[in-house]
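Worksheet for the structure shown next.
The values are calculated or read from the model by the stated rules, or taken from the named source; none is laboratory data. None of the values given here were measured: they were computed from a predicted structure. All Cβ positions, even for glycine, are placed from backbone atoms using ideal geometry, and neighbour counts span all protein chains on display.
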Amino acid sequence: MTDNDHNVDEPLYQIDTDGAFDKGRDIKSIIVSRMGYLLRQQLSADELETMAPEDLVMQIVYQVAETEEYLLPDTPLKEAIFRVLLANDNKPMGAQSISAVLEEKWQHSRYPRDISASTLTRLLDHSDPYCIIRTTG
């Protein structure tokens with residue numbers, strides 16, 4: 001399921017890169033910490049400082065998101081949701097779409113857990129530390 005296939009009644013979510021500062025969160029640092037060691041080593045501190053949050057997300061999309069280490073099966077669910085949104089270029093997604101991504105990535109996991117859309121919706125609606133908000137798309 002893609003983000004275009006979501007149920008029209010289902011809310012969409014994305015990371016609020018613009019409003020994070022107002023909530024006292026440094027969204028750039030949050031995103032950079034998900035880049036992985038090798039990518040952070042390739043980019044200088046000056047580059048990281050001057051890049052917009054959207055550019056940092058693009059680095060993750062193209063260089064990190066498909067690596068095996070990016071979304072390990074034992075990743076906490078809120079963290080996993082945040083990483084899925086980053087890997088989707090922070091385009092709005094519904095809980096169904098996020099659930100489908102996690103099901104695909106974790107299909108052979110030894111760590112079974114509830115990743116249903118209803119569970120993810122509850123987590124998404126209480127993800128202030130991750131600056132995840134409901135959006136109109």
Practice prompt. Identify the single condition in (1) loosely packed, with under 12 Cβ neighbours inside 10 Å; (2) of a type in the set (Asp, Glu); (3) closer than 18 Å to Thr75 by Cβ that Glu103 does not satisfy, given that it satisfies every other one.
Written response: (1)
Worksheet item: Which residue pairs have Cβ atoms closer than 6 Å, lie 6 or more positions apart in sequence or on different chains, and pair a first residue in segment 1-16 that is surrounded by 11 or more Cβ atoms within 10 Å (Cβ to Cβ) with a second residue that is at pLDDT 70 or above and of a type in the set (Ser, Thr, Tyr)?
Response: Met1/Ser97; Asp3/Ser97; His6/Ser97; Leu12/Thr135; Gln14/Thr135
Worksheet item: Among the helices (runs of 4 or more DSSP H) confined wholly to segment 63-137, which include 2 or more residues that are more than 18 Å from Met35 (Cα to Cα)?
Response: 95-105, 117-124
Discussion item. Take Met35 and tell me if it is part of a loop (DSSP other than H, G, I, E, B), at pLDDT below 90 and among the aliphatic types (A, V, I, L, M).
Written reply: no
Item to complete: Consider Thr121 carefully, then state whether it is modelled with pLDDT of 95 or more, under 22 Å from Leu12 (Cβ atoms), over 12 Å from the mean Cα position of the chain (by Cα) and not basic (Lys, Arg).
Response: yes
Fill in: Matching residues in segment 58-73 - criterion: being surrounded by 14 or more Cβ atoms within 10 Å (Cβ to Cβ) and over 14 Å from the mean Cα position of the chain (by Cα)
Gln63, Pro73
